[in-house]
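The values are calculated or read from the model by the stated rules, or taken from the named source; none is laboratory data. Predicted model, so just to flag it, every value in this text is computed and none were measured. Quick reminder, even Gly has a Cβ in these numbers, built from the backbone with ideal geometry, and neighbours come from all protein chains shown. Areas reflect the complete protein model, heavy atoms only, side chains present, ligands, DNA and RNA absent. Shrake-Rupley method; radii C 1.70, N 1.55, O 1.52, S 1.80 Å.
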Amino acid sequence: MSTQKQAEEAMVSNNDTGHEEKEVSNDESGFSLKSVLWHGGSVYDAWFSCSSNQVAQVLLTLPYSFSQMGMLSGIILQIFYGFLGSWTAYLISVLYVEYRSRKEKENVSFKNHVIQWFEVLDGLLGPAWKAVGLAFNCTFLMFGSVIQLIACASNIYYIDDKFDKRTWTYIFGACCATTVFIPSFHNYRMWSFLGLGMTTYTAWYMTVASLVHGQVEGVVHSGPTKAVLYFTGATNILYTFGGHAVTVEIMHAMWKPKKFKCIYLLATLYVFTLTLPSAAATYWAFGDQLLTHSNAFSLLPRTPWRDAAVILMLIHQFITFGFACTPLYFVWEKVIGMHDTKSILLRALSRLPVVIPIWFFAIIFPFFGPINSAVGALLVSFTVYIIPALAHMLTYRSASARQNAAEKPPFFIPSWTAMYALNAFIVVWVLVVGFGLGGWASMSNFIKQVDTFGLFAKCYQCPPPTPAKHH
């Protein structure tokens, strides 16, 4: 075994040993209900976390994207960005192993410390990259959390319209604030399992309900018709496979992080079984009607099955909110010096300043679709694709770095040159298509939505016209 491999084995086994000792100390028999439901760190836990986090409210908006792009483009781009996202998740895992192995050689201990992506960038490329990674990740996670709150209000409205959507945002913001009590990704074992079950039910409900409903009378499938619609739909699909902002935290929660390499790919393959049939079937049934109905629930007939799907998605959005906020909690804890505090209550109280601004933004911007596309184009493009690819290229730019790399290129990549070429393609493609064209389309749509919302608010506040006096 090479020196690099030995260092890697020592690094990843450090996590394994610590958790095994903890489990044994908790229960002599090796089994406890608390450990089964609360303490996760296996490859299965990581797979459930990645699968559950990868698709949420976007499951309900993908049919809308298909109506903007057409069936063929929607299917092709889902598969394309799914594999592209799996590759950059692999790059992130490689850089984590590289960073961790270097720090282990320096006898750095990570006891009671969760490694995050910006720290990996700092250790491998310096403080400038740390600032870039921190800015993009935190902004993306903040808006991702905002989107979940808006989506909760949007969904519940289909089964209970007694309150307006803004009032529901107040209510769900308070509910989601309870995620401050979940310490780390180790403690999402039960939630990840339940979350994936909920999205699986919703996806197959959409598929079956659309097929049973059949095509509406005079159904038309005209997409794509406009470039702005096409690239708005494309950025929504780009966003679908953008769970990378929590990849390092999920990986660090594993007992053996080196086993993460293929987990994201396996999660993506499962997600394909949810997103492709549901989006295709719903678009087949309703066609261009989806252009004015971004949420698939609005077109599916109300039945107990649909109401169940709505409720399950609400619970899943609570889980996804926790996934998005937990890395932000960690960053804030490190800033104020509370990260190594063992008291769950103190940590929960210290996390509240993170939740309150997110709650505030969700109340201010009560429209989901335009924010989703804008986040996909402006933030996911860099967070998920461009930064990991560039970071990998720069980390291994020297011959000595490649020679001493903790991870060599995978078997299907013939050389470092081929790996560089693939990463360069990702950077250029996403920069031009995702950030450039997608950013133009998404911001155009976002500005239009803001103008419409402002006009509506102004009209709503205007007093009724004074009736004309007749002489």
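Quick look at the values:
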read-out: Only listed residue being under 19 Å from V55 (Cβ atoms) and surrounded by fewer than 20 Cβ atoms within 10 Å (Cβ to Cβ), chosen from R306, R302; value: R306
read-out: Residue in the range 191-198 that is among the hydroxyl-bearing types (S, T, Y) and either open to solvent by 50 Å² or more (accessible area, probe 1.4 Å) or under 21 Å from the mean Cα position of the chain (by Cα) (or both) present; value: yes
read-out: Every pair of residues 6+ apart whose Cβ atoms lie under 7 Å, when the first sits in the range 157-177 and is farther than 13 Å from W359 by Cβ and without any contact (Cβ under 8 Å) to a residue 12 or more places away in the chain while the second is open to solvent by 50 Å² or more (accessible area, probe 1.4 Å) and of a type in the set (K, R); value: Y157/K165
read-out: Tally of residues being of a type in the set (S, T, Y), under 25 Å from Q54 (Cα atoms) and in contact with a helix residue (DSSP H, G or I) (Cβ under 6 Å, 6 or more places away or on another chain) across the range 315-352; value: 2
read-out: Residue that is farthest from W204 (Cα to Cα) [pool: residues in the range 62-77 that are of a type in the set (S, T, N, Q) and buried (at least 24 other Cβ atoms within 10 Å of the Cβ)]; value: Q68
read-out: Residue match in the range 166-173 (condition: open to solvent by less than 10 Å² (accessible area, probe 1.4 Å) and of a type in the set (K, R)); value: no
read-out: Helices (runs of 4 or more DSSP H) contained entirely in the range 357-430, each with at least 2 residues that are open to solvent by less than 60 Å² (accessible area, probe 1.4 Å) and at pLDDT 95 or above; value: 387-395, 416-429
read-out: Flag for Y205 being open to solvent by 20 Å² or more (accessible area, probe 1.4 Å), farther than 30 Å from K103 by Cα and part of a helix (DSSP H, G or I); value: yes
read-out: Test: residue in the range 127-141 that is more than 30 Å from A309 (Cβ to Cβ), over 19 Å from the mean Cα position of the chain (by Cα) and not hydrophobic (A, V, I, L, M, F, W, C); value: yes
read-out: Top-ranked residue in the range 212-245 [being surrounded by fewer than 24 Cβ atoms within 10 Å (Cβ to Cβ) and either among the acidic types (D, E) or in a helix (DSSP H, G or I) (or both); ranked as farthest from the chain's Cα centre (by Cα)]; value: E217
read-out: Residue count, the range 116-145 (criterion: in a loop (DSSP other than H, G, I, E, B) and either buried (at least 20 other Cβ atoms within 10 Å of the Cβ) or in contact with a Phe, Trp or Tyr (Cβ under 7 Å, 6 or more places away or on another chain) (or both)); value: 1
read-out: Qualifying residue in the range 40-47 (condition: over 21 Å from S86 (Cα atoms), open to solvent by less than 10 Å² (accessible area, probe 1.4 Å), outside any helix (DSSP H, G or I) and at pLDDT below 90); value: yes
read-out: Of all residues making up the range 274-290, the number that are within 24 Å of the chain's Cα centre (by Cα), open to solvent by 20 Å² or more (accessible area, probe 1.4 Å) and over 16 Å from G85 (Cβ atoms); value: 2
read-out: Any hit, the range 323-333, residues being among the small types (G, A, S), in a helix (DSSP H, G or I) and within 26 Å of L59 (Cβ to Cβ); value: yes
read-out: Which listed residue is in contact with a Cys (Cβ under 6 Å, 6 or more places away or on another chain) and among the polar types (S, T, N, Q), from S145, S154; value: S145
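Conditions tested, residue by residue: (1) in contact (Cβ under 8 Å) with a residue 40 or more places away in the chain; (2) within 25 Å of I315 (Cα to Cα).
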residue	(1), (2)
S73	yes, no
L91	yes, no
E106	no, no
I147	yes, yes
